[in-house]
Every structure is written in C-alpha cells, then in structure tokens.
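So the structure is just underneath, and the comments pick up after that.
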Amino acid sequence: MKKILVTGAVGQIGSELTSILRQKYGNTNVIASDIRMPADDTIRDSGPFESMDCLDPHHITRVMQIHKVDTIYHLAAILSAVGESKPTLAWQVNVNGLYNMLEAARQYHCAIFVPSSIGAFGASTPLDNTPQDTIQRPDTMYGVTKVSGELLCDYYHKRFDLDTRGLRFPGLISHETEPGGGTTDYAVEIFYEAIRHKKYTCYLREDSSLDMMYMPDAIRAMIKLMEADPDGLIHRNAFNVTAMSFTPEQLAHEIRKHIPEFTIDYSVDPIRQAIADTWPNYMDDSAARKEWGWQPKYDLAKMTKDMIQELSQKLQRDGMNQRSRAGDSEVPK
Ligand code: NAD
Ligand code: SER
C-alpha cells in the first residue's frame, strides 16, 4: 500500500486531491500537510495532518521518516498574481521549496508529482494550439519559477533516475476551496457572484481567451499520470493538458443559460491582464492523450451546469451553518 504525502493540502487543488486519495488508498495512508491550518476540520479529522513548511528541510525529513512516505504530490506554491506582488516569496517557495521536496524524494526513493502551469509560457510562445515542446520565455516571477521547476524535475529524473511526473495545468475551476491568488481566479469568482448577486465585475477583458479545466478532471489527470506505465512516457514532466478554452464573455453567456438575469461588466486590472495576454489561448495536449491516455470529461456547458448546482448547494449549507451558529450564541446560559 502506498504512503502518500500531499504538500499544500489546504489549497484549491490539495484539499480535493487529499480526500480523493484518501478514498482510494485509505485515510491513514495519505498525509496532508501545509504551512497553514485548514479552515474546517475535514482534512485533519479524516487522516494525518502535518503543519509543515516546505522551506524547512529538517521538518520535511522528520515527516518523511515518521510516515515512511513513498509518493509525494507537491502542491505547495505561490500563484501568479500573488507572485507578482511578492516575487521573492514566489521564488523561495516555488523553487527552493521544490528543491527541498525533490531532495527528500531522492533520499527516500519516492515518486513525486509536481504541477507546472500555462504560466510557464510567455509572449514569444505560439498562443494558439501551443505545442508541447516550444519556446518558453515567461516574464512573470511565477512563470520563471514554473519553467525552473520543469527543468529541475527533468534534471532529477535524468541525473538520479527519480520518478518525477507533472502536468502543465490551465486555470482550474472548483467549488470546494477558493483559489489562492492566480490570474485565472475570475473563472471561479464569477460563479460565486452570479449565484449571490446575479452580477460580476471582471478584472480581465471580455475577449481574454484562456485554457481551463474543471477540478474533477484535474484530479483524475494527476492520479492517472502517477499510475501510468513509465515505459509509455516520453515526456514525464510538464505535459500540456486542457479541457476547454473560453473568454469571460463566453463564460457569462453560458452562465446566463442557468441564471438569465446575470450581468457582467469589466474593470480591467492591468497586472493580471498583462499576465493573461502572454498565456496560451489553447494548448495542444496530444502528447498527454497519446502517452498516457488523457481525456477530459467536462466541457464548458457540462462544467457550468455542475458548478452552479454544486456551488448553490454549498452556499446554502454555509448560510444555514452560519445561521445555526448565530442562533447557538443567542441561547441564554
Ligand atoms: P493554492 O494557493 O490554492 O494552494 C497552495 C498551498 O500551498 C496553500 O494552501 C499554501 O498555504 C501552501 N503553501 C504556501 N507556502 C508554503 C510553504 N512554504 N510550505 C508549505 N505550504 C505552503 O494553490 P493551488 O491552486 O492548489 O495550486 C497548487 C499547484 O498547482 C501550484 O504549483 C500551482 O502553481 C499549480 N497550478 C494551479 C492552477 C490553478 O488554477 N489552481 C493552475 C496551474 C497550476
Ligand atoms: N491558475 C493559475 C494562476 O492563475 C495558473 O497557473 O496562477
């Protein structure tokens, strides 16, 4: 049985990945870790949780030894928009933190999954049908760290025969945990605002086309790649994967099919717009399809329908919980 360590387990991807991995491999075999504590108790109650900083090699070693880890999903990172406001932190966490995890994986003979991003491309990369192997000259700190990460993972595989694998994720859309400060976050925020207020002010231009994916597809992709026969893998790290590509205007149009009163307007944030302008309109993910059978299940229509249904239920539950907590405190003692 595997012993899996998830770093960044409180984040947008980690929180959902941890619970799927626990269902698949058993609660006690999946160790969640993060530098911050989870807002609710689900992750801590359903299995082991370690409060671990990826910048602390001694702590990483202790966790590896205590839990006898053999597989790592390394998700601890600083995303693109936060990375532009805190470039030093982004470099430290995304590069030095990754280096520490790769060293731990080498020392304890672990397989390691490391996500890259559409942010690893830049203005000189072809924006349409972006090839798997192409020019990568990003001009954001996030992008610089992501290319460095791809190269480091390739190096550890080639030099130390470490089992490194990874995907270049597009923007991820999900309803469990809110995103951590990226350029594609609008595609999640828009659903919260559409359900709560029937209107949304978008920080990207209406015609900004970007690759996106719904979280269930992203989780399936990670696990499928980690379980793939290594003999079939030519690329290993940084596979392009995508499921859909749309602009804010196209997403708003799709939401209106479910919430007809919904309106969108625009107040462009120059920093995030400049980042989005250098990212692919849509990637060519044929290498992932060919080498390990990647196939998304959710397109724009299916994702939008499911997102509205799931998020409406979640917001209703959260509202009920808040009302019942407020009610509790009013009970006279
Ligand atoms: P997130 O911001 O939601 O979560 C990252 C987690 O890392 C946070 O919980 C944070 O507390 C933790 N963290 C930060 N510094 C840490 C440290 N020093 N030690 C330990 N933990 C630390 O991010 P996410 O969206 O879940 O992204 C996970 C990975 O996937 C990142 O590498 C990101 O670049 C990549 N990715 C995400 C998306 C997306 O749309 N979410 C798209 C492409 C790639
Ligand atoms: N969603 C991520 C970001 O915008 C893409 O890597 O930072």
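Within the stretch 184-211, if we keep just the residues that are within 27 Å of R317 (Cα to Cα) and outside any helix (DSSP H, G or I), the residue that is farthest from ligand 2 (Cβ to nearest atom) turns out to be K198. Of all residues in the stretch 100-140, those being more than 12 Å from ligand 1 (Cβ to nearest atom) and part of a helix (DSSP H, G or I) number 6.
The residues in the stretch 46-95 that are closer than 14 Å to A32 by Cβ and among the aromatic types (F, W, Y) can be counted, and the count is 2. The numbered conditions (1) part of a loop (DSSP other than H, G, I, E, B); (2) out of contact with any strand residue (DSSP E or B) (no Cβ under 8 Å at 6 or more places or on another chain); (3) crowded, with 21+ Cβ neighbours inside 10 Å; (4) not basic (K, R) are all true for G181 except (3). Cβ-Cβ contacts under 7 Å between residues 6 or more apart (or on different chains), taken from a first residue in the stretch 271-293 that is within 19 Å of L79 (Cα to Cα) to a second residue that is in a strand (DSSP E or B) and of a type in the set (A, V, I, L, M, F, W, C), are listed as A276/L210; W279/L210.
Restricting Y192, Y214 to residues that are of a type outside the set (G, A, S), crowded, with 23+ Cβ neighbours inside 10 Å, closer than 17 Å to M307 by Cβ and touching a residue at least 12 places away in the same chain (Cβ under 8 Å) narrows the list to Y214.
Going by the structure shown, is I35 crowded, with 16+ Cβ neighbours inside 10 Å, over 27 Å from V188 (Cα atoms), away from ligand 2 (no atom under 16 Å from the Cβ) and of a type in the set (V, I, T)? When the stated conditions are applied, I35 does not pass them. Per the listing G171, G232, G182, G166, the residue uniquely over 11 Å from the mean Cα position of the chain (by Cα), within 12 Å of ligand 1 (Cβ to nearest atom) and under 28 Å from I135 (Cα atoms) is G166. Taken over the stretch 54-89, the criterion of being of a type outside the set (A, V, I, L, M), farther than 28 Å from T278 by Cα and part of a helix (DSSP H, G or I) is satisfied by P57, H58, H59, T61, R62, Q65, H67.
Residues that are surrounded by 16 or more Cβ atoms within 10 Å (Cβ to Cβ), within 14 Å of ligand 2 (Cβ to nearest atom) and part of a helix (DSSP H, G or I) within the stretch 275-300 comprise I275, A276, listed in sequence order.
Quick note: the coordinates plus some simple rules give every number you see, no bench work behind them. What you see is a predicted model, and the numbers here were worked out from it, not measured in a lab. FYI the Cβ positions are ideal-geometry reconstructions off the backbone, even for glycines, and counts take in every protein chain you see.
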